[in-house]
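Chemist: This is the structure I want to talk about, given as structure tokens.
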Amino acid sequence: MWGNALFSAQGDWEMIAKLIQQMAHKAPAATLFRGLLERTLSDESLDEIFNDYREHQLQSKILFSHLVNMLAPVITRASKSVNAAHQAAEHGYSRQALYDKLKGVESPVASALLRVSTEKLTKIRKATKTTHRDVIKGFHTFVIDGKTYNATEHRLIESRSDARAPLPGRAIALLDMRHEMFVDVECDVNAYRCERKIAERLLQRQLLPGALYIADRNFSDGNLLECFFAKQSFFIIRQHGACPSWREIAGEKRFSAGKDSDGQKVYEQRIEVQLPDGSWKMVRRITVKLSTPARDGDKELHLLTNLPTRVRAGRISTAYRRRWTIENCFGHLSRALNAEIRALCYPQAAGLCFSLALLLFNVMSCVRMLLLKHGQYSKRYEISDVSYYYIADEISRSQFVMDELVASRQWKVFASMSLAEFTRFLRSTAAHASLARYRKHVRGPTKPKPKRRFTGSRHVSTQKILEARK
């Protein structure tokens, strides 16, 4: 068994190994989650991130690692509130001191928390061979998208008499499609900041030569295209109606490029777009005729790309339309995690919370792939995927038991393991999982809501309705 191989110390460690082994049988997803957390979010590494990336906020007796340890159980729904997590931890500082520290965390620290920790998870994904095929073969693909944080409670004195919803900021995130993880985020305290301006800061540190970036028309901008050309990166971006300026090339007419994998007609034309320095760059303009209008009512999609001509227009259309969007990830976050704590009304605290939620989603994504690769498939059910919701549910239900049975310092053994040892632990634990417990229920088409009639009475007895059914 893995317990004897990994826990070489005698005495208490043997008992701890047996406890964790029992947890691996009873709650494999939660055990994987906890092991990955200890591997990527050790107190020492968290405090190092704070010291390396802070700009003005000073270190105090409330360490950055304490903040993360307070927020993590709230985001995973293992604790109902930050105050409840603080009270359960019994630290020697006040609740007000904790909130004062939270509201002062700077955006570069929140971004670095996700970026640095995800680098460790990426090494684990490669070691366990749980990566996905590229959206377009040979191109490491990323998706750029943004989100305005949900409105918070009216806790600030200035907002208590204001009926408007207080928005604590917005963020632009970068999703790695190969590993199905967020690799970076740029948080901004101004909820009305232009997404393209926030994205510029993100791309300045994240663009990789030869990689492919997919984005919606909010990011169709000359400055961003210039960044891609300068770094020799590839892009697929839905064209905005007014930006950037473009012109047709003499003799270049639109021609039919067949159909994409969904049967939509695809056309292609070479055009030129203008960059901020006044120069013109040639790109491919892919037009997709939609059989059913998009959500915004458009019957055509116009995509700009600098991919080589060997990548066919139909493949480009499919890659854009079937991209695993960040909106899907945000949906998983909202259903499985308490990603945006409404009580954290200060923009810096909301940004840290959101960045940590993305990181926890990355850990859950790693758990999901480990289960799919090494878990026990059911003879009764045909399982093609597992649900983030049921993984998160097991994590929240098991967290209290894990904390009570095994002290936090004893979990730190996972941080000191070699990568090979830790990989064996992950595979062995995932092998105990019955995937039927986490199977994903595919929902059918949404039925239209019937019109409700008002009969003059405000209430009706459910029992009378059931009796009338007979």
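Chemist: With only Lys, Arg, Asp and Glu charged, each at its Cβ (+1 for the first two, -1 for the last two), find how big the charge dipole of region 12-57 is about the Cα centre; round to the nearest 20 debye.
Modeler: The calculation lands at about 460 debye.
Chemist: Could you point to the residue in Ser317, Gly92, Pro450 farthest towards the positive end of the chain's charge dipole, with +1 and -1 charges on the Cβ of Lys/Arg and Asp/Glu respectively?
Modeler: Checking the options against the dipole of the chain, the answer is Pro450.
Chemist: From the residues Ala112, Met181, Phe64, which one has its Cα farthest along the dipole of the chain in the positive direction, the dipole being from +1 and -1 charges on Cβ of Lys/Arg and Asp/Glu about the Cα centre?
Modeler: Most positive-ward Cα: Met181.
Chemist: Given +1 on the Cβ of Lys and Arg, -1 on the Cβ of Asp and Glu, and no further charges, what dipole in debye does the chain carry about its Cα centre, rounded to the nearest 20?
Modeler: Here the size comes out at about 2480 debye.
Chemist: Which ordering of Glu90, Glu153 is given by a fewest-first count of other beta-carbon atoms within 10 Å?
Modeler: Glu90, Glu153
Chemist: From the list (1) 1.01; (2) 1.04; (3) 0.96, can you say which value of Rg/Rh (Cα atoms, Kirkwood Rh) was derived from the structure given?
Modeler: Only one listed value fits the structure, namely (1).
Chemist: Once the other residues with Cβ under 12 Å from the Cβ of Ile249 are scored (Lys, Arg +1; Asp, Glu -1), what is the net sum?
Modeler: My count for the surroundings of Ile249 gives +4.
Chemist: What percent do you get for the relative contact order of region 272-324 when only Cα pairs under 8 Å and 6+ apart count?
Modeler: Relative contact order here is 28 percent.
Chemist: Would you kindly compute the Cα radius of gyration of region 327-470 and its largest Cα-Cα separation (Dmax), both in Å?
Modeler: Over region 327-470's Cα set, Rg and Dmax evaluate to 21.7, 70 Å.
Chemist: Write down the Å³ per residue value for the convex hull defined by the alpha carbon atoms of region 356-397.
Modeler: Given the Cα convex hull of region 356-397, per-residue volume reads 77 Å³.
Chemist: Looking at the chain, send over the antiparallel percent of its DSSP beta bridges, to the nearest 5.
Modeler: Here the share of antiparallel DSSP bridges comes out near 80 percent.
Chemist: Still on this model: Calculate, in nm to one decimal, what Arg95 and Tyr390 gain on full extension: separation in residues at 0.36 nm each, minus their alpha carbon distance.
Modeler: The span from Arg95 to Tyr390 would gain 103.0 nm if fully extended.
Chemist: Rounded, prolate or oblate: pick one for region 80-223, where a ≥ b ≥ c are the square roots of the eigenvalues of its C-alpha gyration tensor, a/c under 1.5 means rounded, and failing that, prolate if a/b is larger than b/c, else oblate.
Modeler: oblate
Chemist: Would you work out the relative contact order for the chain, in percent, from Cα pairs under 8 angstrom that are 6 or more residues apart?
Modeler: 20 percent
Chemist: Turning to a different aspect of this structure: Given charges of +1 on the Cβ of Lys and Arg and -1 on the Cβ of Asp and Glu, with all other atoms neutral, how large is the dipole of region 327-381 about its Cα centre, in debye to the nearest 20?
Modeler: It works out to roughly 400 debye.
Chemist: Between Ala88 and Glu467, what length comes free when the chain is fully extended (0.36 nm per residue of separation minus the Cα-Cα distance, one decimal in nm)?
Modeler: Net length gain for the segment: 131.5 nm.
Chemist: Using only the alpha carbon atoms of region 154-253, find the Kirkwood hydrodynamic radius as the inverse mean reciprocal pair distance, in angstroms to one decimal.
Modeler: 15.9 Å
Chemist: Select from Gly263, Phe229, Gly297 the residue farthest towards the positive end of the dipole of the chain; place +1 on Cβ of Lys and Arg, -1 on Cβ of Asp and Glu, and compute about the Cα centre.
Modeler: Gly263
Chemist: Around Thr118, with a cut-off of 15 angstrom between Cβ atoms, what is the net charge of the other residues, counting Lys and Arg +1 and Asp and Glu -1?
Modeler: That works out to +3.
Chemist: Mind giving me the nanometre distance, one decimal, between the label points for Ser457 and Leu290, set 7 Å out from Cα along Cα→Cβ?
Modeler: Reported label-point gap for Ser457 and Leu290 is 4.5 nm.
Chemist: While we're on this one: For the peptides 312-323, 354-365, 251-262, 459-470, what is the packing order when you average, over each peptide's residues, the other Cβ atoms within 10 Å and list the highest mean first?
Modeler: Order by mean packing, descending: 354-365, 312-323, 251-262, 459-470.
Chemist: Find out how many positive minus negative residues lie around Met417, taking Lys and Arg as positive, Asp and Glu as negative, among other residues whose Cβ is under 11 Å from that of Met417.
Modeler: Neighbour charge sum, excluding Met417 itself: +1.
Chemist: Oh, and also: Once the Cα atoms of region 234-351 are picked out, what are the Rg and Dmax in Å?
Modeler: Every Cα atom of region 234-351 included, Rg and Dmax give 18.4, 60 Å.
Chemist: When Thr148, Thr292 are ordered from fewest to most other Cβ atoms inside 10 Å of their Cβ, what list results?
Modeler: Thr292, Thr148
Chemist: A further question on this structure: Output the relative contact order of region 195-249, whole-number percent, from Cα pairs under 8 angstrom with separation of 6+ residues.
Modeler: 40 percent
Chemist: Then there's this: Extent of region 1-152 along each principal axis, from alpha carbon coordinates, in Å, largest to smallest?
Modeler: On the principal axes, region 1-152 reaches 51, 47, 30 Å in Cα extent.
Chemist: How would Cys345, Cys353 line up from fewest to most surrounding beta-carbon atoms within 10 angstrom?
Modeler: Ascending Cβ contact count within 10 Å gives the list Cys345, Cys353.
Taken together, the values in this text are just the output of simple stated rules run on the coordinates, not laboratory data. A quick note: this is a predicted structure, and the numbers were derived from the prediction, not measured. Backbone-built Cβ (ideal geometry, glycine too); neighbour counts: all protein chains shown.
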